[in-house]
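Step one of this worksheet: look at the structure below.
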There are 2 protein chains.
Amino acid sequence: MSEDAAKEFRRPPTAQAFVLAELRRAIIAGDFLPGEPLRQNTLAERFGVSRVPVREAFKVLESEGQVVYEPHRGHKVASLSLTDLLEVYRLRQLLEAEAAQAAVRNRSDGVLAAMRASARDVEAASAAGDLLKMTEANRRFHFELLAAAQMPRLERIVQVLWDATEAYRFVYYGAEHNRATVEREHAGIVQAYADGDVGLLVALMDEHREHAVDALRTFLEAPSRP
Amino acid sequence: MSEDAAKEFRRPPTAQAFVLAELRRAIIAGDFLPGEPLRQNTLAERFGVSRVPVREAFKVLESEGQVVYEPHRGHKVASLSLTDLLEVYRLRQLLEAEAAQAAVRNRSDGVLAAMRASARDVEAASAAGDLLKMTEANRRFHFELLAAAQMPRLERIVQVLWDATEAYRFVYYGAEHNRATVEREHAGIVQAYADGDVGLLVALMDEHREHAVDALRTFLEAPSRP
DNA sequence: CATTTGGATAATGTATCCAATATCACCCCG
DNA sequence: CGGGGTGATATTGGATACATTATCCAAATG
């Protein structure tokens, strides 16, 4: 018998986990407009569950800042102002610099290989014009490094910050020359990590982030945006 | 039908907010041992509510890292290892340095007065031997400065990190000479803020934190502790 | 004797029902 | 014509009932 197939017994995920994952995906994909109220009944029907798991998923998203909540008035999707975006990226700068140092301290070939593989996935998805896959691979790329830092709280915080702006990554990747920039910068980051050059690594990551912020700044400063 | 818990039942707008606040207080006060399972039924009875608001409060605490969760196995109180404690304080160091700089940039007399008032409250509670009030006033003191930074996400992150170690603050304050150290250091921090000396302010805050870590390190390194 | 298997028990997960609150259209009154 | 109450309705909050899953122990099996 093929034992590893049987060993990987996969239990059906709970409904709340399913709803949570779907809500995350929907928010990231922009299915809801910022500020749009999230009705428990509507979403429960849409997912084929009762309102209870929906409410519990709301609580998680609320404490992550993805949705805002007022008692007896319900939840609505949070909207990011330019100020919010700048704060998120500033915090990421601080935390990812720390993570980069720790990651270089416990540098491993496994992490390096995983980063290279994810970087290739980004390029492939970019070439194929699949922005969703590109954001996924891009996330994997960056969190390989963050996980290598072995600082679980830091990793979790950056995850939440990351998710808060995931919707804007589609915008950034929409332009071909932005995608080219991303791919080029990833290569530099991989090389700096391989060389164990912490100073360069942090500098390149800062630059990488700064390019995204600059592009999004003009987008968010455009009129008729919340 | 909980005794005094039921008395204040309707003070917060919703039961879940009440349960959440009570659970926070109980965890901080050490009513539960680390790793102890939190039974929904037990707590629902204790607070005089049904299991629904209890579960929603669990979801919030879970995403803050105060409790850990496994599907169909329930929630239990998270326990901090020494490594965890060091990570929390390292992250606070990074984030609070950033907050101090921003707070000095928008320095205001109102914040200064509030910090002085909270510092006095700390001293009064310390003199009275009321450790609970002392931790409350201490928290106010530090978050006056953090709020002045006008970075809501940073403030929220530090709040979560702060809460994760609140239980140990009782331990630290247990020794009289630690309390004296805290009061002295608060005075220095206030002065540095009043002078607008960012470098000194950050240095003093680092030192303040480091003293707590040193004291707790020996406590956590003692055998027979998780 | 170690292992496992079956079921009893207790806990969690979900659905449904009821209560409390906000929203809003409408009417009354100034 | 405008402002403020007032009830109908929709939505959220909470309680209860039911379903699913884990845990534990005892008996059967080798």
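The values are calculated or read from the model by the stated rules, or taken from the named source; none is laboratory data. Here the structure is a predicted model, which is why all the values come from computation and not from measurement. All Cβ positions, even for glycine, are placed from backbone atoms using ideal geometry, and neighbour counts span all protein chains on display. Keep in mind that these areas ignore ligands, DNA and RNA; they rest on the heavy atoms of the full protein, side chains included. Shrake-Rupley method; radii C 1.70, N 1.55, O 1.52, S 1.80 Å.
Rounded to whole Å, the principal axis extents of the Cα atoms in chain B read 53, 43, 34, largest first.
Could you list log10 I(q)/I(0) for the range A:48-111 at q = 0.11, 0.28 Å⁻¹, which the Debye formula gives when each Cα is one point scatterer? Log-scaled intensity ratios, in q order: -0.49, -1.14. Within the listed set A:H142, A:H177, A:H72, the Gaussian network model of chain A (springs between alpha-carbon atoms below 10 Å) gives the highest mean-square fluctuation for A:H72.
Per residue, chain A exposes an accessible area of 50 Å² to a 1.4 Å probe, with every protein chain left in place. Across the options B:A103, B:A175, B:F219, the greatest Cα extent toward the positive end of the charge dipole of the range B:82-221 (unit charges at beta carbon of Lys, Arg, Asp, Glu) belongs to B:A103.
Where in chain B are the DSSP H helices whose C-alpha atoms run 15 Å or more along the long axis and whose mean Kyte hydropathy is at least -0.5? Those that pass (Cα extent of 15 Å or more, hydropathy at least -0.5) are B:15-29, B:51-63, B:82-105, B:109-128, B:131-148, B:152-164, B:198-221. Put simply, the C-alpha atoms of the range B:111-212 give a gyration tensor, and the ellipsoid matching it has half-axes of 20, 16, 13 Å, longest first.
For chain A, the relative contact order is 21 percent, taking Cα pairs closer than 8 Å that sit 6 or more residues apart in sequence and dividing their mean separation by the residue count. The accessible-area loss of the range A:47-68 on complex formation, taken against its chain alone with a 1.4 Å probe, reaches 20 Å² or more at A:R55, A:E56, A:K59, A:V60, A:S63. One compactness figure for the protein assembly as shown is 1.05, namely its Cα radius of gyration divided by 2.2 N^0.38 Å.
Note on the protein assembly as shown: with neighbouring protein chains present and a 1.4 Å probe, carbon and sulfur make up 52 percent of its accessible heavy-atom surface. Beyond 13 Å, what share of the Cα-Cα pairs of the range A:15-77 remains, rounded to the nearest whole percent? For the range A:15-77, the fraction of Cα-Cα distances above 13 Å is 57 percent. I need the shape label for the range A:101-158. Rule: rounded when a/c is under 1.5, else prolate if a/b > b/c, else oblate, with a, b, c from the alpha carbon gyration tensor. Because a/c hits 1.5 or more and a/b fails to exceed b/c, the range A:101-158 counts as oblate.
From the alpha carbon centroid of the range B:174-226 to that of the range A:186-208 is 35 Å. For A:V52, the accessible area of its heavy atoms, probed at 1.4 Å with every protein chain present, is near 70 square angstrom.
Helical runs assigned H by DSSP (4 residues or longer) give chain A a calculated mean residue ellipticity at 222 nm of -24500 deg cm²/dmol, each run adding -39500 (n - 2.57) before division by the residue total. Computed from point charges on the beta carbon alone (+1 for Lys and Arg, -1 for Asp and Glu), the dipole magnitude for the range A:82-221 about its Cα centre is near 300 Debye. When the charge dipole of the protein assembly as shown is built from unit charges on Cβ atoms (+1 for Lys and Arg, -1 for Asp and Glu) and taken about the Cα centre, the candidate among B:V67, B:N138, B:A113 whose Cα reaches farthest toward its positive end is B:V67.
Legend: mean number of C-beta atoms from other chains within 10 angstrom of residue C-beta atoms, peptide A:172-181, equals 0.
Between the range B:86-165 and the range A:140-164, the C-alpha centres lie 26 angstrom from each other. Under a model in which nothing but the beta-carbon of Lys, Arg (+1) and Asp, Glu (-1) is charged, the protein assembly as shown shows a dipole of about 1320 debye around its Cα centre. Taking amide H as placed 1.01 Å from N in the peptide plane, the amide H of A:H75 sits under 5 Å from that of A:L38, each at least 5 places away or on another chain. For the chain pair A and B, the buried solvent-accessible surface (1.4 Å probe, both sides summed) amounts to about 2600 Å². Since only B:V88, B:F47, B:L33 are under comparison, the one whose Cα sits farthest along the positive direction of the charge dipole of the protein assembly as shown, derived from C-beta charges on Lys, Arg, Asp and Glu, is B:F47. Rounded to the nearest 20 debye, the dipole magnitude of the range B:3-77 is 160 debye, with +1 charges on Lys and Arg beta carbons, -1 on Asp and Glu beta carbons, and the Cα centre as origin. Within the listed set A:D163, A:D109, A:D206, the residue fluctuating most in the Gaussian network model of chain A (springs between alpha-carbon atoms under 10 angstrom) is A:D109.
The residues packed around B:A78, meaning those with a beta-carbon under 10 Å from its beta-carbon, carry a net charge of -2 if Lys and Arg are +1 and Asp and Glu are -1. Mean-square fluctuations from a GNM of chain A, with a 10 angstrom spring cutoff on Cα atoms, peak among A:A149, A:A164, A:A114 at A:A114. Over the range B:3-77, what is the relative contact order in whole percent, taking alpha-carbon pairs under 8 Å and six or more residues apart? Here the relative contact order equals 35 percent.
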